[in-house]
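See structure below.
Just so it is clear, none of the values below were taken in a lab; they were calculated from the coordinates. The model shown is predicted, which means the values in this text are computed figures rather than measured ones. Here Cβ is always computed from backbone atoms with ideal geometry, including for glycine, and neighbour counts include all displayed protein chains.
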Number of protein chains: 2
Amino acid sequence: MKLQQMVANLPALPPLNNNNGLPSSNTDASLPNSSIVNLDRGDTVLLESYWRKMSEECTVEIKGWEFLSYASDLKSVCWFMMPELRDALKRLHALVGNAETSDRHIVVGNGSTQLFQAALFALSSSSSSSDDPINVVAAAPYYSGYPDETDLVRSSLHKWSGDAKEYDKNEAYIEIVTSPNNPDGSLRGPVVSSKCGVEGKLIHDLAYYWPLYTPITHKADHDLMLFTLSKCTGHSGSRIGWAIVKDIDIAKKMTTFIVLNSIGVSKESQTRAAKIMEVVCDSYQRYRFDGSSKESELFFEYSRGILKERWQKLREVVKQSDGFIVPKFQTAYCNFTNQSFETYPAFAWLMCKREEDCGSYLEKKLKVVARSGKRFGSDPRYARINMLTTGDDFDEFLERLSNIEDI
Amino acid sequence: MKLQQMVANLPALPPLNNNNGLPSSNTDASLPNSSIVNLDRGDTVLLESYWRKMSEECTVEIKGWEFLSYASDLKSVCWFMMPELRDALKRLHALVGNAETSDRHIVVGNGSTQLFQAALFALSSSSSSSDDPINVVAAAPYYSGYPDETDLVRSSLHKWSGDAKEYDKNEAYIEIVTSPNNPDGSLRGPVVSSKCGVEGKLIHDLAYYWPLYTPITHKADHDLMLFTLSKCTGHSGSRIGWAIVKDIDIAKKMTTFIVLNSIGVSKESQTRAAKIMEVVCDSYQRYRFDGSSKESELFFEYSRGILKERWQKLREVVKQSDGFIVPKFQTAYCNFTNQSFETYPAFAWLMCKREEDCGSYLEKKLKVVARSGKRFGSDPRYARINMLTTGDDFDEFLERLSNIEDI
């Protein structure tokens, strides 16, 4: 198996007691192992082609004596965040117009995964309710990592309580609002209606609210918003996420969590993330103000172009096969690009029309590993397909899908 | 205040609801703020001078297209660990002879802080005991981070249960053995004696078991050993720790924890840590085999030399003042250097002979911020002093200590 294929074969979050995320063996034994196409995990190698073009411009060099200290900026609430990263983040959000950062506190984390847990800690430890763990909910289908991360060490502060649409307890809760949503790409708002005397808090996971995936229709300005480099520029291996937080006490508690959990965040990654964001911003600045960048050199345009093409191909194959359904998305006007386009999610939420278990069907019949709808608190007739995988894997997937005679 | 001073002013683990780790204000108001010397946190800037000398040799360059994937090595239990880091770690341990790595599983983490929590998760979730949280203990004085990290999110898997020397419950426990110990530099073994039917598990925190601090008297070969780049080479900002684990199931569970906690570890930091370790090993290889390195170019020799000098100066001042005591250490033969020397701990465990609260006394009288013995589950007559701080801060501390007329 080629390394690139092996990499694509890993789920983002292997379940407990798994075999290291390697594909399970319940595929047709008559086919060689090397023909498994794994679209389970959320790797973002699709975006590599852009960064290969911009490789030199983004190069960072780190000397031996740099980064010996834990601290970065003692004037910031998040004292381990490098000022250059904070400035680059603010510049990028200002350019794209997808989130308000003025008079907000920014907390950097080891991916938005750690920040999600920091947010649960901050919101639940500041809850005015009883000593019972606070309920954590999200509308199904919800990101498969939320339940496992919430209940990782069986905290007494918070507990996973399932589908937000079915939440009817008269107890405090935290609702996670993911928009565009992972796995189905839908645009979302909170769904738990406020009940008398019940305290509800929101975490907005905006990992995919970038013009690579969806039109930027408004500047998001929620109490607590999560973003991640993995989905913004595709640099998943850097483990850089950030939270934009209104309340200073929540930002301080999130910082405390990250200090006690890992004493901060890699400075090598922070400095590199800052550089990459600056390169993205610079290319737009050059394009807009002196015309010295071409449109093909613009990160979001280039990457959305490839993703759009993949979606068009997938829709074509789905249309012809008659066995599957993928969601449709409205076209909307994007304030960033000044044009209208539809959402091109990072994942396809594929439904098998005539199969009880879509994930199992794909694995057995096509040797395609996708993540079952069950993992997202949803119907097993659905499965999540990674649209940001390698070109080879994506083409092979479409080839196999189009060759199905009847399901 | 100079940045370097501000950096030195940060505690490694600010307490909950602190003012971002800045010094408290209960110092003598007649002295200007800028004269505060903060020796509370465990920053390692002492080691910077070596890395400035070796700066070019250690430089790493990272291109824009690198590290887009979460995964590194699917054949490894710890699939997000880069093979080059694993190889460099093994080479360094083989060179120094301080830990067995053959037929062991290595798990990389965001500092040994995250790995400590991963170890608690792995050991407590595999416990055969009841549903009650497992007791976590360490002999006082113990590292001040252990209690806060153990109880961070009030886990139902484990709970902090204090001083291992006083542990007398007939219940399962995890004992942390830190050797050389933080804060007092003592060499340690487990202290909880096994009782009939009581299951005890050990975590060996060997962060300071390097020839920079102490003679390497044996090759450690415990079930679960923790190390960190912060204390090995001083690169605290990189947030790289590693665990050496005998039992594959424990290593898998630790990996699962890190996946769910942060989906792996910065690849920028991993690749740089590997480079730095290779440079350390290369210089010894050159010195030993072809004489092309000088002894002053050897990391552990050079750094131990500075630390030894600091300890000598401190002992001299303490001897003259008559108000303080610092621990004495036995000389031992070091298998790595083939010479005998004593332990030169990263911290001085300073005792005030005639003061009830050493930390408070130092802060009020000398404007020196140290970490109180109380934080280590010990006597407030002790305080922990960071010996790896900047040269300016260390000299200023000695100056103030030597000017005390009477305490």
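Structure notes:
- A DSSP coil position with no more than 13 other Cβ atoms inside 10 Å describes the following trypsin sites (Lys or Arg not before Pro) in the range B:35-92: B:Lys75.
- Mean-position separation - Cα centroids, the range B:100-172 and the range B:294-332, in angstrom: 32
- For chain A, modelled as a GNM whose springs connect Cα atoms under 10 angstrom apart, the maximal fluctuation among A:His235, A:His158, A:His222 occurs at A:His222.
- Choice from A:Gly109, A:Gly323, A:Gly241 showing the highest fluctuation, given a GNM over chain A with Cα pairs closer than 10 Å: A:Gly323
- Remark: spin-label model distance A:Ile404-B:Ser126 equals 4.0 nm, labels positioned 7 Å along the Cα→Cβ axis.
- Taking A:Cys58, B:Cys358 and counting other C-beta atoms within 10 Å, the order from fewest to most: A:Cys58, B:Cys358
- Here the Gaussian network model covers chain A, with springs between Cα atoms less than 10 Å apart; of A:Asn98, A:Asn338, A:Asn110, A:Asn338 fluctuates the most.
- With each label modelled as a point 7 angstrom along the Cα→C-beta vector, the B:Asp247-B:Asp87 pair spans 3.2 nm.
- Take B:Asp87, move 7 Å from Cα toward the beta carbon, and the resulting point lies 3.8 nm from the same point in each other copy, nearest first.
- When you restrict to C-alpha pairs under 8 Å that are six or more residues apart and normalise by the size of the range A:154-251, the relative contact order lands at 20 percent.
- Percent RCO, i.e. relative contact order, over the range A:64-282, from Cα pairs under 8 Å lying at least 6 residues apart: 30
- The alpha-carbon positions of the range A:260-401 define a convex hull whose volume is 181 Å³ per residue.
- Distances, shortest first, from the label point of B:Val198 to those at the same position in the other copies read 4.6 nm; the point lies 7 Å along Cα to C-beta.
- Values of log10 I(q)/I(0), in the order q = 0.11 Å⁻¹, for the protein assembly as shown under a Debye, Cα-only, solvent-free model: -1.28
- Helical segments meeting 24 Å axial Cα length and Kyte-Doolittle -0.5 threshold in chain B (DSSP H): none
- Think of the range A:64-282 as having a plus end and a minus end, set by charges on the Cβ of Lys, Arg, Asp and Glu; of A:Cys232, A:Met254, A:Ser269, A:Ser269 sits farthest toward the positive end of this dipole.
- Taken over the range A:64-282, the convex hull of the Cα atoms encloses 124 Å³ per residue.
- Annotation note: trypsin sites (Lys or Arg not before Pro) in the range A:154-209 located in DSSP loop regions with a Cβ neighbour count of at most 14 within 10 Å are A:Lys169, A:Lys195.
- Relative contact order (percent, whole number), chain B, Cα cutoff 8 Å, 6+ residue spacing: 22
- Cα-derived Rg over Rh, computed across chain A with Rh taken as Kirkwood radius: 0.96
- In this structure, the residue pairs whose Cα-Cα separation is over 25 Å, taken from A:Lys219/A:Lys313; A:Lys367/B:Lys75; A:Lys90/A:Lys308; A:Lys253/B:Lys159, are A:Lys219/A:Lys313; A:Lys90/A:Lys308.
- Fraction of antiparallel bridges per DSSP, chain A only, in percent to nearest 5: 55
- Sorted largest first, the spans of the alpha carbon positions of the range A:299-342 along the three principal axes are 37, 20, 10 Å.
- Ranked by how many other Cβ atoms sit within 10 Å of their own Cβ, fewest first, the residues A:Thr113, A:Thr343 fall in the order A:Thr343, A:Thr113.
- Across the copies of the chain, A:Glu399 has label points (7 Å from Cα along Cα→Cβ) spaced 7.4 nm apart, shortest distance listed first.
- Rg(Cα)/(2.2 N^0.38 Å) for the range B:231-326, N = residue count: 1.58
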